[in-house]
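The values are calculated or read from the model by the stated rules, or taken from the named source; none is laboratory data. Remember, it's a predicted structure, so these values are computed and weren't measured experimentally. So basically every Cβ, Gly included, is an ideal-geometry build from the backbone, and we count neighbours across all protein chains shown.
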Amino acid sequence: MTNRKIQMPREVYIDPGIVHDTAEICNSLHLGNDFLIVTGSHTYDIGARPVIESLEKNNLSYDVIKVDVASEESISEVEELITPETTVLGVGGGKVIDVAKLSSFNQGVYFVSMPTTASHDGIVSPLASIKNPNTSISATAHSPIAVIADSEIIAQSPFRLLAAGCADLIANFTAIKDWELAHRLKNEAFSESAAALSIMSAHLITDNIANIKPNLEPSARIVMKSLFSGGMAISIAGSSRPASGSEHLFSHALDKILDKPALHGEQCGIGTIMMMYLHGGDWRVIKNALESVQAPTTAVEVGISDEEIIDALVMANKIRPERYTILGDNGVSREAAYELAYKTEVI
């Protein structure tokens with residue numbers, strides 16, 4: 001029997017204004033005196049600047065690099081600035097976090113996740129989504145040593161990003177149904193605890209839907225805590241299974257088809273409506289939940305044509321052939337795809 005390590009962050013802070021305590025938190029974790037802040041053009045002022053002030057106040061040395069895409073090139077640029085003594089602070093959205101996570105993993109140094117948005121569950125998971133010229137891949141990395149999530153900063157980010165984070169969590173409902181199906185039909189390994197944590201994370205959103213509103217710090221905190229527990233489910237499972245099923249395959253297919261895809265969570269939310277229908281579940285409950293957090297539920301709302309939705313549905317099962325879902329080994333026909341999208345009011 002092989003032993004598999006479950007990685008968890010050592011300390012997690014989800015509080016308003018916590019970014020100003022960055023240096024104190026890093027000192028309490030004995031992370032040394034050498035930091036590399038990985039941030040983005042948009043997140044430098046709101047996220048990285050207060051981090052810099054905190055490090056300077058405590059006489060800690062730092063370097064800063066801005067990245068705008070989660071690509072192999074960005075990762076190489078960040079890795080060049082990492083020494084064995086460096087701790088990488090990823091301060092920004094999903095792309096920044098993924099680059100910081102994978103470059104620190106490749107160089108064998110600690111990584112602190114400091115999200116400025118709550119748009120998807122990659123904030124704490126040990127996986128990173130990296131874009132290659134033709135595709136987007138999910139790479140194995142490591143969990144952060146700590147998470148410092150300033151709920152005030154996250155509340156001030158565009159509400160569309162928070163809504164996308166909610167949609168990515170709601171997708172857990174169909175992801176778990178797919179995982180259970182693969183366990184029954186293909187004897188795929190299944191973790192009850194990871195599945196339970198994933199479903200709990202989704203319920204944290206649906207049970208609190210009336211409290212998730214724009215520019216409210218408590219709303220940002222609810223979504224952040226849900227994304228954190230969803231990321232923990234991925235760590236326990238050792239794969240993205242608890243949070244990624246047929247709805248994510250549909251989203252990845254759209255990424256391949258579209259020149260300018262919608263937000264990851266938005267596409268997954270729309271996929272969840274259709275995949276819940278295929279599972280024979282109550283897809284209207286999913287649709288209503290998404291509408292309640294102002295996440296899109298139709299192709300028109302995200303500027304995607306009916307034809308592109310059909311193409312993505314037909315292609316979805318081929319994205320990760322080893323990952324069995326409700327789409328089966330053979331996928332869906334164009335006629336069935338049209339019927340599915342039409343009946344669930346996506347087109």
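Observations, loosely collected:
Conditions (1) assigned to a loop (DSSP other than H, G, I, E, B); (2) assigned by TED's automatic domain parsing to the domain that holds Asn215; (3) under 17 Å from the mean Cα position of the chain (by Cα), marked per residue:
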| position | (1), (2), (3) |
| --- | --- |
| Ile148 | no, no, yes |
| Gly165 | no, yes, yes |
| Phe173 | no, yes, yes |
| Ala189 | yes, yes, no |
| Ser193 | no, yes, no |
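- Filtering Ile52, Ile37, Ile46, Ile65 for residues that are within 22 Å of Tyr13 (Cα to Cα), without any contact (Cβ under 8 Å) to a residue 40 or more places away in the chain and not in a loop (DSSP other than H, G, I, E, B) leaves a single hit, Ile52.
- Picking from residues in the range 283-295 that are among the aliphatic types (A, V, I, L, M) and in contact with a helix residue (DSSP H, G or I) (Cβ under 6 Å, 6 or more places away or on another chain), the one that is surrounded by the fewest Cβ atoms within 10 Å (Cβ to Cβ) is Ala289.
- Qualifying position, being closer than 24 Å to Lys287 by Cβ, more than 15 Å from the chain's Cα centre (by Cα) and not basic (Lys, Arg), among Leu258, Leu249: Leu258
- Number of the condition not met by Ala155 [criteria: (1) more than 14 Å from Gly231 (Cβ to Cβ); (2) part of a strand (DSSP E or B); (3) small (Gly, Ala, Ser)]: (2)
- When Ala139 is tested against the conditions (1) surrounded by 24 or more Cβ atoms within 10 Å (Cβ to Cβ); (2) modelled with pLDDT under 85; (3) in a strand (DSSP E or B), the lone failure is (1).
- Search result, residues across the range 296-330 that are crowded, with 18+ Cβ neighbours inside 10 Å and of a type in the set (Gly, Ala, Ser): Ala299, Ala312, Ala316
- Single residue of the range 261-282 satisfying the filter (without any contact (Cβ under 8 Å) to a residue 40 or more places away in the chain and not acidic (Asp, Glu)) that is surrounded by the fewest Cβ atoms within 10 Å (Cβ to Cβ): Gly280
- Condition broken by Ala48, with the remaining ones in (1) farther than 16 Å from Thr117 by Cα; (2) in contact with a strand residue (DSSP E or B) (Cβ under 7 Å, 6 or more places away or on another chain); (3) among the small types (Gly, Ala, Ser); (4) surrounded by 18 or more Cβ atoms within 10 Å (Cβ to Cβ) satisfied: (1)
- Flag if His20 is touching a Pro at 6+ places or on another chain (Cβ under 8 Å), touching a residue at least 24 places away in the same chain (Cβ under 8 Å) and at negative phi: yes
- Residue list for the range 103-126, restricted to those being aliphatic (A, V, I, L, M), more than 16 Å from Leu161 (Cβ to Cβ) and buried (at least 23 other Cβ atoms within 10 Å of the Cβ): Val112, Val124
- Residue check, Val78 closer than 24 Å to Gly122 by Cα, surrounded by fewer than 17 Cβ atoms within 10 Å (Cβ to Cβ) and touching a residue at least 40 places away in the same chain (Cβ under 8 Å): no
- Residue check for Asp21: under 24 Å from Ser226 (Cα atoms) and either outside any loop (DSSP other than H, G, I, E, B) or basic (Lys, Arg) (or both): yes
- Within the range 276-323, the residues that satisfy the criterion of being part of a helix (DSSP H, G or I) and of a type in the set (Gly, Ala, Ser) are Ala289, Ser292, Ala312, Ala316.
- Of the numbered criteria (1) touching a helix residue (DSSP H, G or I) at 6+ places or on another chain (Cβ under 7 Å); (2) closer than 17 Å to Ile309 by Cα, the one Ile205 fails is (2).
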